Amino acid sequence: MTTARYRRIVLKLSGEALSGKQGYGIEPTVIQSIAAQVKEVAELGVEVAIVVGGGNIWRGKVGSEMGMDRANADYMGMLATIMNSLALQDSLENIGIPTRVQTSIEMRQVAEPYIRRKAIRHLEKKRVVIFAAGTGNPYFSTDTTAALRAAEIEAEVILMAKNNVDGVYTDDPKVNKEAQKYENLSYMDMLNEGLGVMDSTASSLCMDNDIPLIVFSITEEGNIKRVVQGETIGTTIRGK
């Protein structure tokens, strides 16, 4: 199969996905591998938008547990996502993929401010667009950012790439060897069973706007392309 099933996608990467086995910071070989996989998808003619987390550098929840003001802790997390986004942009452009970073917090010296129509225009010109700094508001996760941006740019699917699991399970497969993987799941079932794939705000946004979500492992080379081409891997979540 050489054709793409989707025309426009949002790829959601956790910050931890960039850190590899070291668990923190950015592992050069990992980010280069991700960039190469994104290039494979872009070369199919797919319009690719990316949302990157910042957990490999800073987690707002940790800051608030330390007694830090929650809003300040979340803003620090947004800055971490910008660092990851610039690193990913550099890796993509080093292999010939034109890329734009748009931030919800303005810092014009390093990236464009987020403008919906401009983002769509970049995508139409086959540039990869990376949405950084979350929604620009504290108390919202980058999962919510992915759902919001997917709705705004009318993406056909959100691809949630994981580095520690290959789908959604009935329980933590690392703890419970009897855990079963779901192939298909509804957003309502995911919320009712508390499966923790994404937060409830993000889940509700996806459900209300009928945006399917595919959860899969990014550690296996070529998986992003396989998902885009319609291969059944990971777990597909949709509908009510």
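The values are calculated or read from the model by the stated rules, or taken from the named source; none is laboratory data. These figures come from a predicted structure and were not determined experimentally. Note that each Cβ is placed from the backbone with ideal geometry, even for glycine, and that neighbours are counted across all protein chains shown.
Here are some conditions: (1) touching a residue at least 12 places away in the same chain (Cβ under 8 Å); (2) within 17 Å of ALA4 (Cα to Cα). ARG226 meets all but one. Which one does it not meet? (1) is the only condition that ARG226 fails. May I ask you to list the residues in the range 196-214 that are at pLDDT 95 or above and β-branched (Val, Ile, Thr)? Scanning the range 196-214 gives ILE211, ILE214. With respect to THR29, is the statement that it is part of a helix (DSSP H, G or I) and among the β-branched types (Val, Ile, Thr) true? Yes, satisfied. Of the numbered criteria (1) part of a loop (DSSP other than H, G, I, E, B); (2) under 30 Å from LEU44 (Cα atoms), the one ASN137 fails is (2). Of all residues in the range 54-71, count the ones that are more than 21 Å from the chain's Cα centre (by Cα) and without any contact (Cβ under 8 Å) to a residue 40 or more places away in the chain. Qualifying residue count for the region: 7.
Within the range 22-43, is even one residue under 19 Å from THR103 (Cα atoms) and either surrounded by fewer than 16 Cβ atoms within 10 Å (Cβ to Cβ) or in contact (Cβ under 8 Å) with a residue 60 or more places away in the chain (or both)? No, the range 22-43 contains no residue that is under 19 Å from THR103 (Cα atoms) and either surrounded by fewer than 16 Cβ atoms within 10 Å (Cβ to Cβ) or in contact (Cβ under 8 Å) with a residue 60 or more places away in the chain (or both).
The single condition from (1) surrounded by fewer than 24 Cβ atoms within 10 Å (Cβ to Cβ); (2) farther than 19 Å from ILE82 by Cα that ALA155 fails is (1).
Select from the range 223-240 the residues that are out of contact with any helix residue (DSSP H, G or I) (no Cβ under 8 Å at 6 or more places or on another chain) and more than 15 Å from LEU11 (Cβ to Cβ) and list them in ascending order. Spell out how you get there, then give the answer.
Let us first name the residues in the range 223-240 that are out of contact with any helix residue (DSSP H, G or I) (no Cβ under 8 Å at 6 or more places or on another chain), namely 226-227, 229-232, 235-236.
Within the range 223-240, GLY230, GLU231, THR232, THR235, THR236 qualify.
For ILE97, are the conditions met, namely being outside any loop (DSSP other than H, G, I, E, B), of a type in the set (Val, Ile, Thr) and over 17 Å from the mean Cα position of the chain (by Cα)? Here the answer is no, as ILE97 does not meet what is asked. Out of ASP199, ASP166, ASP210, one residue alone is exposed (fewer than 13 other Cβ atoms within 10 Å of the Cβ) and either in contact (Cβ under 8 Å) with a residue 40 or more places away in the chain or among the acidic types (Asp, Glu) (or both). It is ASP210. Looking at MET198, MET207, MET190, just one residue is assigned to a loop (DSSP other than H, G, I, E, B) and closer than 30 Å to LEU44 by Cβ, and that residue is MET198. In this structure, THR135 does not qualify as out of contact with any strand residue (DSSP E or B) (no Cβ under 9 Å at 6 or more places or on another chain), surrounded by 15 or more Cβ atoms within 10 Å (Cβ to Cβ) and touching a residue at least 60 places away in the same chain (Cβ under 8 Å).
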